[in-house]
Structure formats: structure tokens, C-alpha cells
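Here is the structure we will look at, set down as C-alpha cells.
The values are calculated or read from the model by the stated rules, or taken from the named source; none is laboratory data. What you are looking at is a predicted structure, and each value in this text was computed from that prediction instead of being measured. For neighbour counting, all protein chains shown are included, and Cβ atoms are generated from backbone atoms with ideal geometry for every residue, glycine included. The area values use the complete protein model at the heavy-atom level, side chains included, leaving out ligands, DNA and RNA. Shrake-Rupley method; radii C 1.70, N 1.55, O 1.52, S 1.80 Å.
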Amino acid sequence: NEISVIDRVGECGNVGDFFNQWVTNSHVDFFREVVLKESEKEKPISESDGWTKYWTPKYQLYNCIPTDRLREIFSELGSTLLMSATLEPIDVYSKTTGIESCISPTHVEEKNERVNAVQDDEDHSDWYRDVVTRKYPLRFPGKNRLSVIIDRDRYTYSNRKGKDTTQSSMTKTRREYLESLISIAQSHGNVLICMPSYGEANWAKTMLEENVSKEVLLDQSSGSDETDETLEEFFTGGGKVLCTSTRGTITEGVDYDGDKLSVCAVVGISLLPPSDRNKAVEYAYDEELDGVSGRDATNKIPAVRKARQAYGRVLRGDNEKGVRVLVDERYGETRYGGVKQYLGDDEREEFEVMSNDAFSERVRLFWESVE
């Protein structure tokens, strides 16, 4: 078959634009990475490039801090409504998204680059649009929920070590967290346990099967059909435990209405794994943001938002009752490593810090008071 020149799509222009950005873009805001993908071919591109027979290079230019680009998008809109239950802290969200310095659409063309307005002698304060913030408390009756932080040593890799399944070989931290997991799993009704990763969720499922009488299910990274089947099994019958990752798909966007969920526990803080890209993002935010560290803006704050999304599954209506649990001392601390300051105002006041020994009795009394 013949294909005319008109029907063909040229790529040289796109490639040229990409490598122009590769060379000219900021080395703070953009992370350059070459990834080799295994891809065996019949022959290399040339005799001098023998490696190309086995590998295909992928050039990636990652925008570490897309604040300027987001600001451009928001500035072109007549108005914008950003709404979520997990935007805290609002000031950090405003800085990272660029909405605090959006330009009125009538001045976008007049002010192509923000730096021009800043360096101009004229007063351009009227260019910037107003940003109005509204915050609303949780409107469900407070008597219908119990919010607890179990005071355990930090659940970090250095503290918990490997996923041992025999208690004698576990670290002290892992043994203590297993004790808390058992107490939580034995609580009333369906229990959702959110671990820092799918691997940790698998460990929790294995250990709980040996130590509790409830049926224990496992959610792993899978297709939507398999996930739906797992949830359907969890919702049927009542009194089950489902272990998953805090960064998984069932910790947000799933409606656990009615009595589908009685307890949600978030165990540890689900921080991103270390990588060159993550380090580059942290460095970019350190350079560009004032008032918050790059590590907090790119790692700790998003992790707390994931936790809030997860335990927000418990209460979906005025008449629902449930228990929200955070297991890790960092949720109750503001000192180095702590994340209490990144919870919502109401949450900081409402979550009670208690020992594991006090937890079971406190939960028992709660369910007696609401049933």
C-alpha cells in the first residue's frame, strides 16, 4: 500500500522541541533521566552502537515543581473551584498549585511571564485575582465516631526491618505493631487495615490469619475486576478484616456506606521510596518554596493526605458510626519527623493519643455507647 507524504506524521519537530527543552529548561525545576529499557532487536543501529541491539534508551524530562504551569492554566480560566476533604495544609496547597498568585484572565496576555510584573516599576497589584478559602468542619455527630492515635514507636524500615513471620525473629517494633494489629482486627464489624505498602499488607494478612478468628482478606495491586470481587466479599457477611496499602486504590473513591466499614486503621506513614527523581523533587521545592521543607511538601504532606483519605472511608453519612485509628507516634507529634501539624484543625483536637493497652477498652466502651 502507498502512503502519501501528507498522510505521514513527522516527529522531527517534536524531538527537536524536546531536546531544546532538555538543554534550556531549569536544572532545578526539571529532572533529566535516561532509562534503558530491555528490548532485543535483530541487529544494532550501527556496529559502533552494539548495545542498541539489547537496549532502547528512553529520555525523560520530569517537571519537578509544576507550580508555574498550573498557575498559567488557572490564570486562563474565568473562575476555578478546587474542592476536597484533604487539601490541608491550605497554605502549602496554595503555594504548590500557584493559585495564590493567579493572574486575572484580562491580564494574561499583557503579562506573559510573572517575573516581568515583579520587576516592573508600575503597580500591578490589581492584576492578581482574589482567592477565597472556605473551610468546613466534619458535620456528622461527634458522638458517633472515635478517633485514636495508638502511641507506638515510629514504623520505619530501620525500626521494623524485614517482614518476619515468626515473632521470635521480629524486631521489637514489629512485634509491638503486630500486637496493635490484632487488637484492631478484633474490633467490632468490618475492619480496614492500611499498611505503608502492599508488601506490608501481605505480612499483616499472614499474621492476622494466625491470630484472629475473623476472616482476613488481602487487596493487592490488581485489575478493577479483581478489586471489585475482593470488596464484594468484604461487604458480604460482616465482621471481616481487609488488609491493603494506604496508597492503594480502595482507600479513596470507594463508598463504604452503611455498615460496610466500622473501623479503619492507618499504620505508619506511607512515604515515597527513595529515588533520584524523588530527591530532585525535594530539592526543587526546597529552592522554590518558603515556609515548608521540600521533604515535607513532596513526601510527608501527601502521605498524611493519603491517610486522611483512608480513614475518611469510615463515616459517609449522619447516622453512621465508626472508629478511626492512626498507629504511629508521629501522628501525635510536631517535632522532627512528626506530622500532627499536617492534620486538619478539628482532627488535631479530636484524635486521642493512647497506649495499645488502653485502646481495646476504649473501643469497647465506644461501641457500647452508640449501640
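Computed quantities for the displayed model
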{"item": "All Cα pairs of the chain, percent lying beyond 35 Å", "result": "41"}
{"item": "Ranked order, 346, 49 - accessible area, probe 1.4 Å, largest first", "result": "346, 49"}
{"item": "Area accessible to solvent at residue 305, 1.4 Å probe radius, in Å²", "result": "50"}
{"item": "Degrees, to the nearest 10: 356-370 long Cα axis against longest axis of the chain", "result": "80"}
{"item": "Aspartates and glutamates whose Cα lies under 15 Å from that of residue 58, excluding same-chain neighbours fewer than 8 positions away", "result": "33, 38, 40"}
{"item": "Residue 213 paired with residue 79, simple spin-label distance in nm, labels 7 Å along Cα-to-beta-carbon", "result": "5.8"}
{"item": "Region 287-371: Rg to Rh, with Rh as the Kirkwood radius over Cα pairs", "result": "1.04"}
{"item": "Within the chain, percent of DSSP bridges classed antiparallel, to nearest 5", "result": "25"}
{"item": "For region 176-298: Kirkwood Rh in Å [reciprocal of mean 1/r, alpha carbons]", "result": "15.9"}
{"item": "Angle between the chain longest axis and helix 276-288 axis [Cα atoms, degrees, rounded to 10]", "result": "80"}
{"item": "Residue among 236, 166, 298 with the largest mean-square fluctuation in a Gaussian network model of the chain, springs linking Cα atoms under 10 Å", "result": "166"}
{"item": "Gain upon complete extension [residue 164, residue 28; 0.36 nm per residue less C-alpha separation]", "result": "44.9 nm"}
{"item": "Most fluctuating residue given options 193, 150, 73, as computed from a GNM of the chain linking Cα atoms under 10 Å", "result": "73"}
{"item": "Coarse-grained scattering of region 135-218 at q = 0.12, 0.14, 0.19 Å⁻¹, given as base-10 log I(q)/I(0) from a Debye sum over alpha-carbon atoms", "result": "-0.43, -0.56, -0.90"}
{"item": "Distance (nanometres) between label positions extended 7 Å along Cα→Cβ at residue 224 and residue 365", "result": "4.6"}
{"item": "Projected label distance in nm at residue 104 and residue 68, using a 7 Å step from Cα toward the beta-carbon", "result": "2.5"}
{"item": "Residue 254-residue 279 FRET efficiency (beta carbon distance; Förster radius 30 Å; 0.05 resolution)", "result": "0.40"}
{"item": "R0 of 22 Å, Cβ-Cβ distance residue 293-residue 345: FRET efficiency to nearest 0.05", "result": "0.55"}
{"item": "Cβ-based net charge around residue 65, under 12 Å, with every Lys or Arg adding one and every Asp or Glu removing one", "result": "-3"}
{"item": "Region 244-371 - percent of accessible surface contributed by carbon and sulfur, probe 1.4 Å", "result": "44"}
{"item": "Degrees separating the helix 172-185 axis from the principal Cα axis of the chain, which is the longest one", "result": "70"}
{"item": "Cleavage-rule hits (chymotrypsin sites (Phe, Trp or Tyr not before Pro)) in region 1-103: DSSP loop, at most 16 neighbouring Cβ within 10 angstrom", "result": "54"}
